[in-house]
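Single-structure report; data block below.
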Amino acid sequence: MHWLTTTQAIYNHYIETTIFANEFEERDVGHMSTRINNIIENGLPYLVAVARGNQPRGPQGYVSEKIVGFTYLDDFCDRSSMYRYTYELTLYVHPGYLCQNIGSCLLDRLLLIANTGYNACGGYEYRNDFNYLKTGTARVIKTILLNVNTESGEDSEKTNAFLKKFKFRCVGHVKEIGHKLGKIVDEYRYQHTTTEAIDAKGLPSMPLERVGV
(Lines give C-alpha, C1' and ligand atoms only; values in the text may rest on other atoms or scores of the structure.)
Protein backbone atom coordinates (compact mmCIF):
# COMPACT_ATOMS: atom_id res chain seq x y z
CA MET A 1 0.00 0.00 0.00
CA HIS A 2 2.96 2.32 0.60
CA TRP A 3 3.76 2.60 -3.12
CA LEU A 4 0.11 3.42 -3.86
CA THR A 5 -0.05 6.26 -1.33
CA THR A 6 3.25 7.61 -2.69
CA THR A 7 1.96 7.77 -6.27
CA GLN A 8 -1.15 9.45 -4.87
CA ALA A 9 0.99 12.05 -3.07
CA ILE A 10 3.01 12.76 -6.22
CA TYR A 11 -0.07 13.31 -8.32
CA ASN A 12 -1.80 15.41 -5.67
CA HIS A 13 1.25 17.67 -5.53
CA TYR A 14 0.80 18.46 -9.21
CA ILE A 15 -2.94 18.99 -8.72
CA GLU A 16 -2.46 21.39 -5.81
CA THR A 17 0.52 23.44 -6.95
CA THR A 18 0.93 23.25 -10.74
CA ILE A 19 -0.83 23.53 -14.08
CA PHE A 20 0.54 20.14 -15.16
CA ALA A 21 -2.51 18.31 -13.79
CA ASN A 22 -5.94 19.35 -15.05
CA GLU A 23 -7.91 18.73 -11.85
CA PHE A 24 -8.48 20.96 -8.85
CA GLU A 25 -9.52 18.30 -6.30
CA GLU A 26 -7.09 15.82 -4.78
CA ARG A 27 -7.36 12.13 -5.66
CA ASP A 28 -7.76 9.54 -2.92
CA VAL A 29 -6.16 6.11 -2.73
CA GLY A 30 -9.31 4.45 -4.07
CA HIS A 31 -9.21 6.54 -7.21
CA MET A 32 -5.52 5.79 -7.79
CA SER A 33 -6.06 2.08 -7.19
CA THR A 34 -8.95 1.95 -9.67
CA ARG A 35 -6.93 3.77 -12.32
CA ILE A 36 -3.94 1.45 -11.94
CA ASN A 37 -6.10 -1.68 -11.99
CA ASN A 38 -7.89 -0.50 -15.14
CA ILE A 39 -4.59 0.11 -16.92
CA ILE A 40 -3.23 -3.31 -15.97
CA GLU A 41 -6.45 -5.16 -16.79
CA ASN A 42 -6.48 -3.54 -20.24
CA GLY A 43 -3.02 -4.93 -20.98
CA LEU A 44 -1.26 -1.57 -20.95
CA PRO A 45 1.93 -0.52 -19.14
CA TYR A 46 1.91 1.19 -15.74
CA LEU A 47 5.47 1.66 -14.48
CA VAL A 48 6.94 3.21 -11.34
CA ALA A 49 10.48 4.39 -10.61
CA VAL A 50 12.05 3.75 -7.22
CA ALA A 51 15.01 5.47 -5.59
CA ARG A 52 18.18 3.43 -5.55
CA GLY A 53 18.73 1.68 -2.23
CA ASN A 54 19.17 -1.63 -0.44
CA GLN A 55 15.91 -1.75 1.46
CA PRO A 56 14.34 -5.21 1.68
CA ARG A 57 11.34 -6.12 -0.41
CA GLY A 58 7.91 -6.07 1.13
CA PRO A 59 5.37 -8.92 1.17
CA GLN A 60 4.60 -10.70 -2.10
CA GLY A 61 7.74 -9.34 -3.72
CA TYR A 62 6.67 -5.71 -3.96
CA VAL A 63 9.51 -3.24 -3.65
CA SER A 64 9.50 -1.12 -0.51
CA GLU A 65 11.82 1.63 -1.78
CA LYS A 66 10.63 5.18 -2.21
CA ILE A 67 8.55 5.76 -5.35
CA VAL A 68 9.98 8.74 -7.26
CA GLY A 69 7.88 8.73 -10.42
CA PHE A 70 5.34 6.89 -12.54
CA THR A 71 4.15 6.64 -16.13
CA TYR A 72 1.41 4.80 -17.98
CA LEU A 73 -0.55 4.52 -21.22
CA ASP A 74 -4.33 4.75 -21.47
CA ASP A 75 -6.79 4.52 -24.35
CA PHE A 76 -7.19 7.75 -26.31
CA CYS A 77 -10.76 6.78 -27.13
CA ASP A 78 -13.05 3.74 -27.18
CA ARG A 79 -11.33 0.46 -28.08
CA SER A 80 -14.03 -0.20 -30.65
CA SER A 81 -13.45 3.11 -32.46
CA MET A 82 -11.14 4.12 -35.31
CA TYR A 83 -8.70 5.33 -32.63
CA ARG A 84 -8.18 1.86 -31.17
CA TYR A 85 -4.41 1.92 -31.84
CA THR A 86 -3.93 5.38 -30.29
CA TYR A 87 -3.02 5.97 -26.64
CA GLU A 88 -2.34 8.81 -24.25
CA LEU A 89 0.83 8.95 -22.17
CA THR A 90 0.98 10.21 -18.59
CA LEU A 91 4.28 10.89 -16.81
CA TYR A 92 4.96 12.44 -13.38
CA VAL A 93 8.15 12.67 -11.31
CA HIS A 94 8.39 13.25 -7.55
CA PRO A 95 9.03 17.01 -7.02
CA GLY A 96 12.05 16.23 -4.85
CA TYR A 97 13.72 14.16 -7.59
CA LEU A 98 13.46 16.41 -10.64
CA CYS A 99 16.40 16.78 -13.04
CA GLN A 100 17.77 13.34 -12.13
CA ASN A 101 16.85 11.54 -15.40
CA ILE A 102 13.94 9.73 -13.75
CA GLY A 103 11.50 10.88 -16.39
CA SER A 104 13.93 9.79 -19.11
CA CYS A 105 14.29 6.31 -17.60
CA LEU A 106 10.55 5.83 -17.24
CA LEU A 107 9.84 7.04 -20.77
CA ASP A 108 12.63 4.92 -22.20
CA ARG A 109 11.34 1.73 -20.59
CA LEU A 110 7.71 2.42 -21.50
CA LEU A 111 8.60 2.96 -25.17
CA LEU A 112 10.66 -0.22 -25.20
CA ILE A 113 7.58 -2.12 -23.99
CA ALA A 114 5.16 -0.37 -26.36
CA ASN A 115 7.23 -0.25 -29.55
CA THR A 116 9.04 -3.33 -30.86
CA GLY A 117 11.18 -1.11 -33.10
CA TYR A 118 12.38 1.20 -30.34
CA ASN A 119 16.07 1.16 -29.36
CA ALA A 120 16.36 1.68 -25.61
CA CYS A 121 18.91 4.00 -24.05
CA GLY A 122 19.21 1.90 -20.88
CA GLY A 123 21.27 2.92 -17.89
CA TYR A 124 18.86 1.75 -15.19
CA GLU A 125 17.77 -1.46 -13.49
CA TYR A 126 14.39 -2.87 -14.46
CA ARG A 127 12.68 -5.28 -12.06
CA ASN A 128 9.62 -7.34 -12.89
CA ASP A 129 9.03 -10.46 -10.82
CA PHE A 130 5.58 -11.13 -12.25
CA ASN A 131 4.07 -12.01 -15.64
CA TYR A 132 2.91 -8.45 -16.22
CA LEU A 133 4.42 -7.08 -19.46
CA LYS A 134 6.94 -9.90 -19.67
CA THR A 135 6.47 -10.10 -23.44
CA GLY A 136 5.32 -6.56 -24.16
CA THR A 137 1.82 -5.15 -23.99
CA ALA A 138 -1.28 -7.16 -24.80
CA ARG A 139 -2.40 -4.35 -27.13
CA VAL A 140 -1.13 -3.13 -30.49
CA ILE A 141 0.14 0.43 -30.16
CA LYS A 142 0.65 2.65 -33.20
CA THR A 143 0.34 6.22 -31.91
CA ILE A 144 1.22 7.66 -28.50
CA LEU A 145 0.05 11.17 -27.65
CA LEU A 146 1.39 13.36 -24.85
CA ASN A 147 -0.15 16.67 -23.80
CA VAL A 148 2.09 19.18 -22.01
CA ASN A 149 0.65 22.25 -20.30
CA THR A 150 2.62 25.50 -20.15
CA GLU A 151 1.85 28.97 -18.95
CA SER A 152 0.66 31.02 -21.90
CA GLY A 153 3.60 32.55 -23.74
CA GLU A 154 6.19 30.30 -22.08
CA ASP A 155 8.98 28.92 -24.27
CA SER A 156 8.62 25.21 -25.09
CA GLU A 157 12.10 24.63 -26.52
CA LYS A 158 13.36 22.60 -23.52
CA THR A 159 10.35 20.30 -23.71
CA ASN A 160 10.76 19.94 -27.47
CA ALA A 161 14.43 19.03 -27.08
CA PHE A 162 13.74 16.50 -24.33
CA LEU A 163 10.95 14.71 -26.18
CA LYS A 164 12.79 14.76 -29.51
CA LYS A 165 15.32 12.34 -27.99
CA PHE A 166 12.47 9.84 -27.67
CA LYS A 167 11.14 10.48 -31.18
CA PHE A 168 8.20 12.61 -30.12
CA ARG A 169 7.37 15.53 -32.40
CA CYS A 170 5.19 18.52 -31.64
CA VAL A 171 1.99 18.27 -33.69
CA GLY A 172 -0.14 20.99 -32.13
CA HIS A 173 -0.32 24.09 -29.95
CA VAL A 174 -3.63 25.24 -28.48
CA LYS A 175 -3.45 28.69 -26.93
CA GLU A 176 -5.33 29.79 -23.80
CA ILE A 177 -7.11 26.46 -23.42
CA GLY A 178 -7.09 26.41 -19.60
CA HIS A 179 -7.12 28.58 -16.48
CA LYS A 180 -5.68 27.48 -13.14
CA LEU A 181 -3.89 29.04 -10.16
CA GLY A 182 -4.23 32.48 -11.71
CA LYS A 183 -2.44 31.35 -14.89
CA ILE A 184 -3.60 31.15 -18.49
CA VAL A 185 -2.62 27.73 -19.84
CA ASP A 186 -1.49 26.68 -23.31
CA GLU A 187 -1.36 23.03 -24.36
CA TYR A 188 1.24 21.44 -26.62
CA ARG A 189 0.54 18.02 -28.13
CA TYR A 190 3.36 15.60 -28.97
CA GLN A 191 3.17 12.40 -30.99
CA HIS A 192 5.30 9.24 -31.08
CA THR A 193 4.59 6.83 -33.93
CA THR A 194 5.68 3.24 -33.41
CA THR A 195 6.95 0.76 -35.99
CA GLU A 196 3.99 -1.61 -35.51
CA ALA A 197 2.21 -2.75 -38.68
CA ILE A 198 -1.48 -1.83 -38.77
CA ASP A 199 -4.17 -3.12 -41.13
CA ALA A 200 -6.32 -0.05 -41.76
CA LYS A 201 -9.04 -2.28 -43.24
CA GLY A 202 -9.32 -4.38 -40.12
CA LEU A 203 -12.33 -4.04 -37.83
CA PRO A 204 -12.20 -3.63 -34.04
CA SER A 205 -12.09 -6.84 -32.04
CA MET A 206 -14.48 -5.34 -29.47
CA PRO A 207 -18.08 -4.29 -30.19
CA LEU A 208 -19.11 -0.69 -29.69
CA GLU A 209 -20.78 -0.06 -26.34
CA ARG A 210 -24.06 1.65 -27.15
CA VAL A 211 -25.65 3.74 -24.42
CA GLY A 212 -29.31 4.70 -24.42
CA VAL A 213 -30.15 2.87 -27.65
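For the stretch 144-156, which positions are surrounded by fewer than 17 Cβ atoms within 10 Å (Cβ to Cβ) and either touching a Gly at 6+ places or on another chain (Cβ under 7 Å) or touching a residue at least 24 places away in the same chain (Cβ under 8 Å) (or both)?
So in the stretch 144-156, the residues surrounded by fewer than 17 Cβ atoms within 10 Å (Cβ to Cβ) come out as 147, 151-156.
The answer is Asn147, Glu151, Ser152, Gly153, Glu154, Ser156.
Looking at the stretch 111-120, is at least one residue farther than 16 Å from Leu91 by Cβ, loosely packed, with under 12 Cβ neighbours inside 10 Å and free of Cβ contacts under 8 Å to residues at least 40 places away in the same chain?
Checking the stretch 111-120: at least one residue is farther than 16 Å from Leu91 by Cβ, loosely packed, with under 12 Cβ neighbours inside 10 Å and free of Cβ contacts under 8 Å to residues at least 40 places away in the same chain.
Of the conditions (1) touching a Lys or Arg at 6+ places or on another chain (Cβ under 8 Å); (2) more than 22 Å from Asn22 (Cα to Cα); (3) exposed (fewer than 14 other Cβ atoms within 10 Å of the Cβ), Tyr124 satisfies every one except a single condition; which number is it?
The single condition Tyr124 does not satisfy is (3).
For the stretch 126-143, which positions are touching a residue at least 40 places away in the same chain (Cβ under 8 Å) and assigned to a loop (DSSP other than H, G, I, E, B)?
Looking only at the stretch 126-143, we keep the residues that are touching a residue at least 40 places away in the same chain (Cβ under 8 Å), and these are 127, 129-130, 132-133, 137-143.
Those that are touching a residue at least 40 places away in the same chain (Cβ under 8 Å) and assigned to a loop (DSSP other than H, G, I, E, B): Arg127, Asp129, Phe130, Tyr132, Leu133, Thr137, Ala138, Arg139, Val140, Ile141, Lys142.
For the structure I just gave you, tell me whether Cys99 is assigned to a loop (DSSP other than H, G, I, E, B), at positive phi and more than 15 Å from the chain's Cα centre (by Cα).
Values: assigned to a loop (DSSP other than H, G, I, E, B): yes; at positive phi: yes; more than 15 Å from the chain's Cα centre (by Cα): yes.
When the stated conditions are applied, Cys99 passes them.
Considering only residues that are surrounded by 12 or more Cβ atoms within 10 Å (Cβ to Cβ) and of a type in the set (D, E, K, R), look in the stretch 170-200 and name the one that is farthest from Phe76 (Cα to Cα).
Across the stretch 170-200, the extreme among qualifying residues is Lys183.
Look through the stretch 16-31, keep the residues that are more than 18 Å from the chain's Cα centre (by Cα) and assigned to a loop (DSSP other than H, G, I, E, B), and return whichever of them is farthest from Leu146 (Cα to Cα).
For the stretch 16-31, the residue satisfying everything is Asp28.
For the stretch 43-52, name all the residues that are surrounded by 15 or more Cβ atoms within 10 Å (Cβ to Cβ), within 17 Å of Leu110 (Cα to Cα) and not aromatic (Phe, Trp, Tyr).
In the first step, residues of the stretch 43-52 are kept if they are surrounded by 15 or more Cβ atoms within 10 Å (Cβ to Cβ); the result is 44-51.
So of that shortlist, the ones also within 17 Å of Leu110 (Cα to Cα) come out as 44-50.
Across the stretch 43-52, the qualifying residues are Leu44, Pro45, Leu47, Val48, Ala49, Val50.
How many residues does the stretch 7-39 contain that are surrounded by 13 or more Cβ atoms within 10 Å (Cβ to Cβ), within 25 Å of Tyr188 (Cβ to Cβ), free of Cβ contacts under 8 Å to residues at least 60 places away in the same chain and not hydrophobic (A, V, I, L, M, F, W, C)?
4
Output the residue which, of all residues in the stretch 1-17 that are β-branched (Val, Ile, Thr), touching a helix residue (DSSP H, G or I) at 6+ places or on another chain (Cβ under 9 Å) and modelled with pLDDT of 95 or more, is farthest from Ile102 (Cα to Cα). Walk me through how you get there before you give the answer.
Start the filter on the stretch 1-17 by keeping residues that are β-branched (Val, Ile, Thr), which leaves 5-7, 10, 15, 17.
From what's left, touching a helix residue (DSSP H, G or I) at 6+ places or on another chain (Cβ under 9 Å): 5, 7, 10, 17.
Within this subset, residues satisfying the condition of being modelled with pLDDT of 95 or more are 10, 17.
Values: Ile10: 14, Thr17: 20 Å.
The extreme case among them is Thr17.
Those residues that are within 25 Å of Ala197 (Cβ to Cβ) and small (Gly, Ala, Ser), I need them from the stretch 105-142; list them, please.
Taking the stretch 105-142 first, the residues within 25 Å of Ala197 (Cβ to Cβ) are 107-121, 132-142.
Selection gives Ala114, Gly117, Ala120, Gly136, Ala138.
Inspect all residues belonging to the stretch 170-179 and state whether any of them is of a type outside the set (D, E, K, R), farther than 23 Å from His94 by Cα and in contact with a Leu (Cβ under 9 Å, 6 or more places away or on another chain). So that I can check it myself, show each step before the final result.
The first filter runs over the stretch 170-179 and keeps only residues of a type outside the set (D, E, K, R), leaving 170-174, 177-179.
Pick out the ones that are also farther than 23 Å from His94 by Cα and you get 170-174, 177-179.
Pick out the ones that are also in contact with a Leu (Cβ under 9 Å, 6 or more places away or on another chain) and you get 170-171.
Taking every residue of the stretch 170-179 in turn, at least one turns out to be of a type outside the set (D, E, K, R), farther than 23 Å from His94 by Cα and in contact with a Leu (Cβ under 9 Å, 6 or more places away or on another chain).
The values are calculated or read from the model by the stated rules, or taken from the named source; none is laboratory data. Every value quoted in this text rests on a predicted model; they were computed, and no experiment measured them. Backbone-built Cβ (ideal geometry, glycine too); neighbour counts: all protein chains shown.
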